[in-house]
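Below is one structure; the comments refer to it alone.
The values are calculated or read from the model by the stated rules, or taken from the named source; none is laboratory data. What you are looking at is a predicted structure, and each value in this text was computed from that prediction instead of being measured. Note: ideal-geometry Cβ built from the backbone for every residue, glycine included; neighbour counts use all protein chains shown. Please note that ligands, DNA and RNA were not included when accessible areas were found on the heavy atoms of the full protein model with its side chains. Shrake-Rupley method; radii C 1.70, N 1.55, O 1.52, S 1.80 Å.
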Amino acid sequence: MLHLLDRSPTDIAAWVVEQGLPKYRTAQLLRWIYDKRAASFEAMSDLPKAMRGVLAEQFQLWSSTIVAHKHAGDGTEKLLLEWPDKHRIECVLIREGDRRTICISTQVGCAMGCVFCASGLDGVARNLTTGEILEQMLRLQSLLPAEERLSNIVVMGMGEPLANLARLMPALSIATTPNEQGGLGIGARKITISTVGLPPAIDTLAEAGLQYHLAVSLHAPNDTLRNQLVPVNKNIGLESIMAAADRFFQSNGRRLTFEYVLLGQINDRVEHAHELVRLLRGRTALLNVIPYNPVSGLPYRTPSAADQERFLSILEHGGINVQVRTRKGDKIDAACGQLRRSQLQPPAVVELQS
Ligand code: SAH
C-alpha cells in the first residue's frame, strides 16, 4: 500500500481533484495529518465517510511499527521504528524546559564510517524516504499532550543528512509550514542539520536560501587525525569543508556550529586543543564539545573530567565560543544508533521505565 506521507501536498491536491472532491478537502486532510495528529483516517471526523474509506483503501497513514519505546528519567523518550522492509531506525524526543526537541534519522545505517559511531558499523542499507522522515516527526509529536508542540528539530540521528538531502528537504519544508496550512509549524531557525562535511551538498543547502542551522562534525583539528576517525575525510579534507562552511555562513548569516566528540587519549590532547583554536579562530562559530558516549564493542573511552577541563580551558583561553553538550537519555542508548544495535533480536514491543 502507498505511504500517504510520501505524497507531497501537491500530489495530495492532485489526488483530491482526481477523486472528484472539492479542493478544500486537501487543506483539511493535511491539517488532520500534520497539525491535528490524527492516528487514522477514521479519526478525521470532518471528512466525508466515503473519502475516509477511499483513503484507507489506497493509503497507509503511518507505515512503521514501534519495536521499542524507552523512557529515560530525564524526560527523554526514544523510539525504535521498523519499516515494512524490516529495516529499523531510531528517533528521540528530548524535553528541556519549554523546548520539545526531536532528533531524527535520515538513513538506515550510515556510509560515512566514523570509527567511534554505532550507526555506521554495518554501513548503510538505504536512504529513508521523505514520508519515513516525516513519520518520525509525527510519531514523536504524538507522544506530547495536545497542548504541547514540537519546537526544535535536530537532524542528528542515524545517517548522513547531506547524503539524503533530496528526501530531507521536502520533509523539512512540511515541518516548517505553519500549522493552519497543514504543517508542523516549526521555525526554520529551530532546525539544525548536522553533517560530517560534504562540501557540494553544503553548497546546495546554502543555495536553497533557508534559515536552517548547520552543524559540522569536526572531531579532529588536522587531516591526519581526521582521516583516521572520519574515513570519508580522505577524499574531502578539512580545508574544503571549512571553505564550504564559510560559504554557508556568508549566505545564511547564522552562526555555525562545529561538533567535536571528545575521545579519551585520542583527540583530547593539549596540542589538539591548540590546533583547534588556530582552525576556528576568527569564525563566527560555536564549538560543541561532546564527551564520547561509549559504544559496546568499540575501544573508545570518555575522557577523564580533568582531561575534559583542560581541553575546554585551552579553547576558552583561545577565545573560542565553546559549549559542552550535556548528555540526555544515555541510559536508554539515546545516542547514535546504539538502541538499534542492542535490539538485534526478533521484534518485540517493550515498554521500559528506567
Ligand atoms: N552524520 C551526521 C549526523 C551524525 S550524529 C554527522 O556526522 O554530523 C550527530 C553527532 O553525534 C555527530 O557529530 C557524530 O559524530 C556524533 N556521535 C556519533 N557517535 C557518538 C558517540 N558514541 N558519542 C558521542 N557522539 C557521537
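Here are the numbers:
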| quantity | calculated |
| --- | --- |
| Within the stretch 174-230, tally of residues that are open to solvent by 30 Å² or more (accessible area, probe 1.4 Å), at positive phi and within 16 Å of the ligand (Cβ to nearest atom) | 0 |
| Among (1) out of contact with any Asp or Glu (no Cβ under 9 Å at 6 or more places or on another chain); (2) touching a residue at least 60 places away in the same chain (Cβ under 8 Å); (3) within 16 Å of the ligand (Cβ to nearest atom), the one test that Pro170 misses | (3) |
| Matching residues, the stretch 235-274, being over 21 Å from the mean Cα position of the chain (by Cα) and part of a loop (DSSP other than H, G, I, E, B) | Ile236, Gly237, Gly253, Leu263, Gly264, Gln265, Ile266, Asn267, Asp268, Arg269 |
| Total residues in the stretch 103-153, condition among the acidic types (Asp, Glu) and under 14 Å from the mean Cα position of the chain (by Cα) | 2 |
| Where Val277 falls short, out of the listed (1) out of contact with any Gly (no Cβ under 7 Å at 6 or more places or on another chain); (2) over 25 Å from Leu121 (Cβ atoms); (3) not in a loop (DSSP other than H, G, I, E, B) | (1) |
| Residue within the stretch 139-152 that is within 16 Å of the ligand (Cβ to nearest atom) and either farther than 21 Å from Gln60 by Cβ or of a type in the set (Lys, Arg) (or both) present | yes |
| Breaking point among (1) away from the ligand (no atom under 14 Å from the Cβ); (2) under 18 Å from Ala39 (Cα atoms), for Ile133 | (1) |
| Flag for Asn233 being within 16 Å of the ligand (Cβ to nearest atom), at pLDDT 95 or above and open to solvent by less than 10 Å² (accessible area, probe 1.4 Å) | yes |
| Qualifying strands (runs of 3 or more DSSP E) (wholly inside the stretch 13-130; at least 3 residues being within 25 Å of Gly182 (Cα to Cα) and in contact with a helix residue (DSSP H, G or I) (Cβ under 8 Å, 6 or more places away or on another chain)) | 88-96 |
| Number of the exception - Asp122 against (1) of a type in the set (Asp, Glu); (2) open to solvent by less than 20 Å² (accessible area, probe 1.4 Å); (3) within 16 Å of the ligand (Cβ to nearest atom) | (2) |
| Residue pairs meeting the criteria (Cβ under 6 Å; at least 6 apart or on separate chains; first in the same structural domain as Arg247 (by TED's automatic domain parsing), in the stretch 285-313; second of a type in the set (Val, Ile, Thr) and more than 16 Å from the ligand (Cβ to nearest atom)) | Leu287/Ile320 |
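Residue by residue, here is whether (1) within 24 Å of Ala163 (Cβ to Cβ); (2) assigned by TED's automatic domain parsing to the domain that holds Pro170; (3) out of contact with any helix residue (DSSP H, G or I) (no Cβ under 9 Å at 6 or more places or on another chain) holds:
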residue	(1), (2), (3)
Asn227	yes, yes, no
Val230	yes, yes, yes
Lys234	yes, yes, no
Glu239	yes, yes, no
Phe248	yes, yes, no
Gly253	no, yes, yes
Val261	yes, yes, no
Gln265	no, yes, no
